[in-house]
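Trainee: Below you will find the structure I want to go over with you.
The values are calculated or read from the model by the stated rules, or taken from the named source; none is laboratory data. None of these values were measured; they are calculated from a predicted model. Positions of Cβ are generated from backbone atoms using ideal geometry, with glycine treated the same way; all protein chains shown enter the neighbour counts.
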Amino acid sequence: MGYFIAAISNEGGAPEQAFRKMQSAGACSEKPLSEMFKFEVPSLMCGTLDSLMNLSDDLVKSDQIIEGIVRKVEKSAVDLLGGQKKPELLVGSVPPNRYIQQFAWDYAKYPNRRPLKELVSLIGGGASAIEEELKQLSGSFEEKQIALQDAKRRQGGNLMVADLNDALTAADMKNLQVHDTEYLKTLFIALPMASKESFEASVYSIGNNLVGYGGPDWTGNPANLGQPIQYGVEVDRQRKRGSPVVPDSLVLVKEDKESALYAVTILKSQYQAGRFEGDEFMAGTKTDFVNQFIKTCKDRRFVVREVNYDPSQASRSAMALEQLTVEVDSMRSGLTRWCKTHYGEAFVAWMHIKVIRIFVESVLRYGLPVDFTAVLYKVIPGKEDQLTKELDKALSNKKNSAADEDDEEAGEEDYHDFVLIKFEISSSY
């Protein structure tokens with residue numbers, strides 16, 4: 001919804017004459033381009049001409065900054081409702097459009113007899129405090145939302161990502177024998193359903209070069225087959241290699257539409273016996289297969305999951321998820337209320353900056369004593385350009401028409417022979 005604030009000099013005449021002139025320019029039955037309202041501009045302290053010129057540039061920046069804060073608060077309120085409906089954002093107790101159309105300077109909050117620079121600083125400081133508080137509150141809310149999403153993902157995701165303490169039940173674990181000894185370890189492997197068939201067909205060959213299964217060479221003395229002899233250097237365990245997966249240890253623990261979870265038991269480690277070389281004993285070595293097996297599974301896109309099953313953990317996780325949900329809902333409600341309250345404050349600050357802009361630019365253009373009339377145009381949608389042209393025709397100073405042409409030739413398309421500020425508010429108001 002577009003609005004124009006325009007101001008022209010009274011030229012020593014009555015303000016009513018200027019008002020009628022501006023009304024006939026674009027808010028009458030002959031030119032129904034907008035609705036027009038009186039716009040109150042209080043008597044403010046002018047200061048020096050140099051101070052007004054310096055302040056004029058600062059006001060444009062302040063206007064843009066505070067408008068940005070208004071938009072941020074409004075967007076936050078919309079996002080908090082999930083975009084399903086527009087939030088009811090009021091200025092005081094009225095919608096923003098009515099506040100604009102009935103604007104009155106807040107003399108208690110912004111004393112008009114204070115120097116303009118102080119007023120602008122006061123207004124800008126209040127708006128910046130709103131922005132900083134919004135940043136902190138939104139950051140805290142976002143962190144809590146991320147924590148809730150992670151908790152939901154762990155509890156409700158497929159078996160490749162879900163918290164298995166939540167996903168597994170006592171019934172799932174009832175008949176499953178889990179080994180974790182010096183030489184055996186049970187691992188849980190999750191994989192997509194599309195890989196289920198190939199996994200079951202190849203599970204006993206995963207890591208088939210990891211374990212040495214070689215033994216003594218009995219061919220030279222078969223009579224000693226199986227006898228407790230000292231093998232020493234005659235033993236080459238690496239002569240024959242294979243997978244660490246224990247035969248017939250594969251168990252399907254659980255599956256859903258997207259994934260499956262298996263348990264397999266593997267040879268955890270292997271000891272290579274020491275030996276004597278002359279009188280010197282060479283210590284044996286121990287090889288760990290768990291990490292190598294996990295890496296081999298990862299290369300095949302099978303996910304080895306860590307499981308420390310605790311039946312009570314599921315209930316604790318459910319309670320934690322419920323607590324997070326309550327906290328997020330509470331923070332959303334609190335932040336929504338905050339947005340509704342501080343949107344009005346930011347909007348009031350924005351409009352007061354615009355009023356100061358109108359005052360400063362009018363004094364710079366028309367001089368002292370202060371003698372101008374300002375109005376507010378509520379533009380009919382799609383009529384913005386047409387209204388601008390009609391205002392230029394009706395309100396231009398004929399004496400300056402040659403100068404206006406020079407400005408247009410120089411590319412100053414936004415120049416008008418009167419004070420004009422354009423802005424928009426959300427179309428929902």
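Trainee: From ASP63, ASP58, grab the single residue that is closer than 24 Å to LEU387 by Cβ, surrounded by fewer than 20 Cβ atoms within 10 Å (Cβ to Cβ) and touching a residue at least 60 places away in the same chain (Cβ under 8 Å).
Mentor: ASP63
Trainee: Condition check: at pLDDT 95 or above, surrounded by 14 or more Cβ atoms within 10 Å (Cβ to Cβ) and not acidic (Asp, Glu). Does VAL379 satisfy that? Lay out the reasoning, then the answer.
Mentor: Values: at pLDDT 95 or above: yes; surrounded by 14 or more Cβ atoms within 10 Å (Cβ to Cβ): yes; not acidic (Asp, Glu): yes.
Criteria met by VAL379.
Trainee: Can you run down the residue pairs with Cβ atoms below 9 Å, 6 or more apart or on separate chains, where the first is in the range 107-123 and without any contact (Cβ under 8 Å) to a residue 24 or more places away in the chain and assigned by TED's automatic domain parsing to the domain that holds ARG357 and the partner is part of a loop (DSSP other than H, G, I, E, B) and of a type in the set (Lys, Arg)?
Mentor: LEU122/LYS109; LEU122/ARG114
Trainee: Turning to a different aspect of this structure: If you take the residues of the range 262-302 that are among the acidic types (Asp, Glu) and either part of a strand (DSSP E or B) or in contact (Cβ under 8 Å) with a residue 12 or more places away in the chain (or both), which of them is surrounded by the fewest Cβ atoms within 10 Å (Cβ to Cβ)?
Mentor: GLU280
Trainee: While we're here: If I filter the range 330-372 down to residues being buried (at least 19 other Cβ atoms within 10 Å of the Cβ) and aromatic (Phe, Trp, Tyr), which single residue comes out as nearest to LEU134 (Cα to Cα)?
Mentor: Result: TRP338.
Trainee: Here's a follow-up. For residues that are within 31 Å of the chain's Cα centre (by Cα) and over 13 Å from MET351 (Cα atoms), tally how many sit in the range 93-107.
Mentor: Total satisfying the criteria: 3.
Trainee: For ILE130, are the conditions met, namely being of a type outside the set (Ser, Thr, Tyr), within 24 Å of VAL375 (Cα to Cα), crowded, with 17+ Cβ neighbours inside 10 Å and touching a residue at least 40 places away in the same chain (Cβ under 8 Å)?
Mentor: Spelling it out, it is not the case that ILE130 is of a type outside the set (Ser, Thr, Tyr), within 24 Å of VAL375 (Cα to Cα), crowded, with 17+ Cβ neighbours inside 10 Å and touching a residue at least 40 places away in the same chain (Cβ under 8 Å).
Trainee: For the range 76-105, which residues satisfy the criterion of being without any contact (Cβ under 8 Å) to a residue 40 or more places away in the chain and of a type in the set (Asp, Glu)?
Mentor: Across the range 76-105, the qualifying residue is only ASP79.
Trainee: To continue, here is another question. Those residues that are loosely packed, with under 14 Cβ neighbours inside 10 Å and of a type in the set (A, V, I, L, M, F, W, C), I need them from the range 95-127; list them, please.
Mentor: ALA104, ALA108, listed by residue number.
Trainee: Restricting to helices (runs of 4 or more DSSP H) lying wholly in the range 121-230: which have 2 or more residues that are modelled with pLDDT of 90 or more and among the hydroxyl-bearing types (Ser, Thr, Tyr)?
Mentor: So the answer is 196-202.
Trainee: Name the single residue, out of those in the range 303-314 being loosely packed, with under 11 Cβ neighbours inside 10 Å and not acidic (Asp, Glu), that is modelled with the highest pLDDT.
Mentor: ASN308
Trainee: Kindly indicate the residue of the range 412-429 that is within 16 Å of ASP392 (Cα to Cα) and not hydrophobic (A, V, I, L, M, F, W, C) and also modelled with the lowest pLDDT among those meeting that condition.
Mentor: Among those that are within 16 Å of ASP392 (Cα to Cα) and not hydrophobic (A, V, I, L, M, F, W, C), it is GLU412.
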